[in-house]
Structure formats: C-alpha cells, structure tokens
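Participant: Please read through the structure below; I'll follow up with questions.
The values are calculated or read from the model by the stated rules, or taken from the named source; none is laboratory data. Since this is a predicted model, take the numbers as computed values, not measurements. No Cβ is skipped: glycine too gets one built from the backbone with ideal geometry, and neighbour counts run over all protein chains shown.
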Amino acid sequence: MATFTTNTEPDLDNERVLASWKGIAAYFGCNVRTAKRWEQGRGLPVRRAPGKKGSTVFAYASELDAWLRGVGQEVKAGSALFVKEFSGDETDAHLLEPPSFDAPQAQSPAAANVREALEERISGRRFPFLIPRIWVFACAAIILALLWVLWNYGGGTDSARTRSSDGARLNVALHVPSPGAEELYERGRYFWNLRTHDSLSEAIDAYTQAILKDPSYAEAYAGLAESYDLLPQFAHADLGDSLTKAESAADRAIVLNPNLAAAHRAKAFALYYWDWDIAGSDAEFKRALALDPNSAETHQWYAGTLECRSEGAKAIVQIDEALRLDPTSPAIATDAALLHADFGDFNSGVKALKEIEQTQPTLSSPAEFLSDLYFATGDFPAYIEEARRFASITHAPDAIALANAVAQGWARAGRTGLLEARAEALKAAFDKGTGSGFLLGENLLLLGRRQEALVYFRASFDRHDDRLLQLVAFNDYPWVREITSDPGYAALFARIRRRVREVTPAQPEQARVSEELPQ
C-alpha cells in the first residue's frame with residue numbers, strides 16, 4: 001500500500017491549495033466517497049484546519065502529486081489498484097466501466113503520467129501480461145452471473161422463503177420496482193388479504209397504481225390477477241369479466257417474469273373456474289408449486305379445485321399443507337374447515353367454521369360455507385341463521401333478499417314454504433344477471449320441477465358455472481343419477497363434455513356434503 005509522509009512544508013507562495021473534499025476529488029477525477037476512502041486506506045495526504053472534529057479539509061497539490069507517484073509505482077507493478085481504487089462511482093452501473101479521463105482536469109504532470117499509465121494498463125499496450133479491457137468486462141459479467149445464481153439458489157429453502165413469500169425468488173434480482181411502486185404493491189397485498197368487497201376494490205386500485213408507476217412490475221400484475229380471481233366470490237362481480245381480466249393480468253406477469261409463482265397460481269385459478277381447462281389448470285398449479293413449494297396460497301387454491309372435482313383425499317393433503325405453512329390465515333383456516341366437513345369430518349369442520357365466525361366477524365366465507373352445509377343436510381333453522389349472518393356481513397342486496405325470503409317461507413309453510421320462497425328469490429337475482437342458475441336449478445329439482453330446472457342449468461352453462469362439471473364427471477350424487485336418463489339433460493351433459501378439455505374420472509373418491517340436496 002502506498003503511504004505518504006513528509007517532514008517539509010510546501011512552498012505556500014507557489015502552492016495550489018484544494019480547499020474541500022469536492023475539490024480534492026475533482027483533482028483526481030473521482031467522487032468524494034472514493035477520495036475519502038483513499039485517505040483512510042491508502043494514506044491520501046489530506047489536512048484539516050485546527051479546531052474540533054469536522055473542521056474544513058484541504059490539501060496541497062504538490063503533496064497529492066507525490067502521493068500519486070507512489071500509487072503509480074503500484075500500477076506499474078501490476079496491482080489491482082484500478083479495479084479497487086480507480087473505479088469512481090461504486091454503484092452497480094459503474095462496476096464494469098473504467099473511469100473516464102477525458103474530461104478536462106487541472107492535473108499536474110505527475111497526475112497526467114499516472115493517468116497515462118492507467119490508460120495503457122487498461123488497453124494492454126504497455127503491459128501485455130495484463131488482461132485486455134474486453135476480457136475484464138467478460139470476466140466481470142461471469143462473476144456477476146455466478147453471484148446471481150448463488151443468491152437465488154444457494155440460500156436454501158428458508159432464505160428463499162424470506163426473500164419472497166409468493167415465489168418470485170428466481171428472478172428477485174432482475175427487477176427493482178420504481179420509486180413508490182413497491183409501497184403500492186404492499187398496500188394492495190394488505191387489502192387483498194381482507195377478502196371483502198371494499199378491500200378488493202382497494203387492492204385493485206393499489207395494484208393498478210403500482211403498474212402505472214412501473215409497467216414492468218410483474219408482482220403487481222400478479223396481485224391484480226389474484227384480486228380479479230376473488231371478485232366473483234367476495235364482491236359478486238361477473239364471473240366472466242373478472243376471470244378474463246385475471247387471466248390477462250397473469251399472462252402479462254408471466255411474460256415479465258416466467259418464474260413468478262403467484263402469476264401461475266392466478267392463471268391456474270382462472271383456467272379452472274372460467275375456461276374449465278382442468279389439465280391446463282393442473283399444469284399451472286404444479287408449475288407454481290415447483291417454483292415456490294412453500295406458498296400456502298398456492299396449496300390453498302389448488303385444494304379448492306380438487307374439492308370441486310370431489311378428489312377429497314388430495315384436497316385435504318393440499319389444504320392441510322397450506323394450513324401448516326400459514327396457520328394464522330383466516331381464509332386458509334376457513335377453507336380447511338369446509339374441506340374437512342365436506343369429506344368425512346363433518347362435526348369438527350362445522351365446529352371450526354363456527355369458531356372462525358366468532359373470531360373473524362367481517363369474514364363472510366364461514367357464514368357462506370355453513371349455510372351451504374346446513375342446507376345440504378336439511379338443518380333449515382341453522383341455514384336461515386347463517387344466511388342472515390352472510391347478508392349482514394356482505395350487505396349484498398341479493399343475499400339480504402334471500403335471507404328474508406327463506407325466513408318468511410319457513411315461518412309460513414316449513415320446508416315447502418322455504419323452498420318456494422328460495423326459488424323466487426334466486427330467480428329474481430338470476431333475472432337481474434346476478435344470481436346463480438345452478439342453485440336455482442337445484443332448488444327447482446327439489447320442488448319436482450325438472451324441466452324448468454333444465455332451463456336454468458343450461459343458462460348456467462352459458463355463464464361457465466363450474467358446478468356443472470359435477471353433473472358429468474361427479475355423478476355419484478343420487479339427485480344427479482336420477483336425471484341422467486332424461487334426453488334434455490343428456491344433451492346438456494354432452495355439451496359440457498365438449499367444453500371440458502379433461503374430465504376427472506367418473507367415480508370420484510366421495511361426494512361433497514355441501515353439494516348434496518336435502519331429503
């Protein structure tokens with residue numbers, strides 16, 4: 001290391017004085033931070049006016065020239081001084097670039113000699129044993145690539161999970177969000193997790209603002225896709241409009257970052273519930289899990305599609321893994337309770353849903369799931385209670401009208417009165433374009449109005465209601481078997497088969513309790 005010592009004072013009459021760090025740095029053509037580092041590590045001769053710490057610094061040009069001559073000897077000896085000391089700005093954009101010596105500087109002959117030596121070193125003209133400039137750049141690029149691989153793959157599962165909870169770890173180093181975009185993304189994530197009509201609107205707004213600030217922000221597109229995925233369930237939005245937007249946003253995220261697990265998860269959801277592309281959905285879920293096996297949300301959403309296909313054992317495995325990975329998530333706990341109730345552990349599942357209902361009073365899904373379970377098992381008083389609770393949480397006009405109707409129908413004429421009132425409320429919602437033709441069709445079957453029910457099952461096919469899949473692939477329900485011989489239903493089943501690209505085997509593991517019809 002070059003050091004500078006002197007026992008003689010410069011000739012002040014003829015001496016040039018550099019009176020600040022900025023002036024000293026300009027003398028060398030470097031930045032202030034580099035000049036300060038040279039003082040601490042290489043003995044750059046910087047002086048300070050007498051007084052307390054923090055006094056003004058200054059330097060004499062002759063002393064700087066003498067220090068440079070010592071540095072020049074190291075350069076001629078083939079040291080790595082250029083790489084470590086003359087790199088100028090330390091930001092990533094400058095690590096691979098030699099310093100610029102073209103700007104006019106008020107430098108002494110000694111400094112000019114060192115500059116020439118450095119330039120010749122870089123070009124390889126004077127020292128042929130040194131690496132030419134192009135090879136320096138190539139080697140540096142290789143080193144950076146290796147560091148990127150080590151960063152993304154060398155930290156193990158835990159470090160990867162720390163860097164990214166949604167599976168973006170493979171490309172985490174490739175894109176830095178624009179100022180303000182990441183904060184908007186985190187805001188969107190917060191509201192998305194609340195799972196309400198208003199919160200999903202807030203999430204969509206935040207993600208959209210993040211994208212406007214940074215159109216290359218893949219995570220924001222994935223968050224937008226996931227928000228649209230949930231709109232039909234929690235905000236009663238149009239299924240086709242929402243899931244088409246979800247798939248488009250997910251595709252854009254995948255283009256920007258093919259290794260973003262959240263994007264593949266969002267696309268898998270839309271492929272299943274709108275396109276009925278079971279094979280494509282499975283492939284996207286498996287891709288998401290391969291990218292981020294520790295994503296609780298991916299396990300949760302995959303379990304949901306397996307549940308709809310009545311693949312109970314597989315669904316339980318996925319939802320239990322999701323709950324293990326994120327035991328504090330109310331949404332995952334709610335889905336887990338429903339799946340256990342649906343596939344053999346009814347009492348404990350219902351108990352868990354009731355507990356969540358008490359601890360998460362703004363979450364609508366526990367009341368919705370309980371109402372489905374109670375209706376399927378014929379517990380109509382409990383069904384009415386949960387229907388009212390669901391309406392009070394969502395404030396949805398259709399839910400309020402349904403809850404009032406079934407309560408009045410039950411009080412008037414018991415089971416028959418309830419079913420008749422329920423049919424009227426469901427039809428009113430369907431006529432407005434907000435209700436389910438599938439649920440109305442089921443209700444009409446219970447009233448013995450099979451051909452009228454067929455009209456609404458056909459309409460639900462046009463609206464891509466995924467529950468129609470059970471009429472073809474999941475025909476272990478007694479009420480489904482009773483209608484398979486009807487020509488009209490047979491024609492409908494044929495249409496469903498043509499749309500579905502891959503149908504789960506016709507003998508599922510077991511029926512879902514929540515999709516049964518009360519006796």
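Participant: Would you confirm, using the coordinates I've provided, whether R458 is under 29 Å from Y489 (Cα atoms) and not β-branched (V, I, T)?
Facilitator: yes
Participant: Just need a number here: residues in region 380-429 that are closer than 20 Å to H236 by Cα and among the polar types (S, T, N, Q).
Facilitator: 3
Participant: On the basis of being outside the structural domain of L271 (by TED's automatic domain parsing) and within 22 Å of L271 (Cα to Cα), does E368 make the cut?
Facilitator: no
Participant: Something else about it: Would you check if G448 is modelled with pLDDT under 95, outside the structural domain of A270 (by TED's automatic domain parsing) and within 21 Å of A391 (Cβ to Cβ)?
Facilitator: no
Participant: Starting from residues that are buried (at least 17 other Cβ atoms within 10 Å of the Cβ) and of a type in the set (S, T, Y), keep the ones in region 326-376 and report whichever is farthest from L419 (Cα to Cα).
Facilitator: My answer is S329.
Participant: Check off (1) within 28 Å of E515 (Cα to Cα); (2) assigned to a helix (DSSP H, G or I) for A262 and give me the number that stays unchecked.
Facilitator: Unmet for A262, out of (1) within 28 Å of E515 (Cα to Cα); (2) assigned to a helix (DSSP H, G or I): (1).
Participant: So is A283 free of Cβ contacts under 8 Å to residues at least 40 places away in the same chain, more than 28 Å from V513 (Cβ to Cβ), out of contact with any Cys (no Cβ under 8 Å at 6 or more places or on another chain) and surrounded by fewer than 21 Cβ atoms within 10 Å (Cβ to Cβ) or not?
Facilitator: yes
Participant: Taking the conditions exactly as written (modelled with pLDDT under 95 and within 22 Å of R512 (Cβ to Cβ)), does A376 satisfy them or not?
Facilitator: For A376, the condition - modelled with pLDDT under 95 and within 22 Å of R512 (Cβ to Cβ) - is met.
Participant: Has region 319-331 got at least one residue that is under 23 Å from L439 (Cα atoms) and either in the same structural domain as H197 (by TED's automatic domain parsing) or in contact with a Ser or Thr (Cβ under 9 Å, 6 or more places away or on another chain) (or both)?
Facilitator: No, that holds for no residue.
Participant: Scan E247, E182 and give me the residue that is at pLDDT below 95 and more than 27 Å from P366 (Cβ to Cβ).
Facilitator: E182
Participant: Next question. Does R415 count as of a type in the set (K, R) and surrounded by fewer than 16 Cβ atoms within 10 Å (Cβ to Cβ)?
Facilitator: yes
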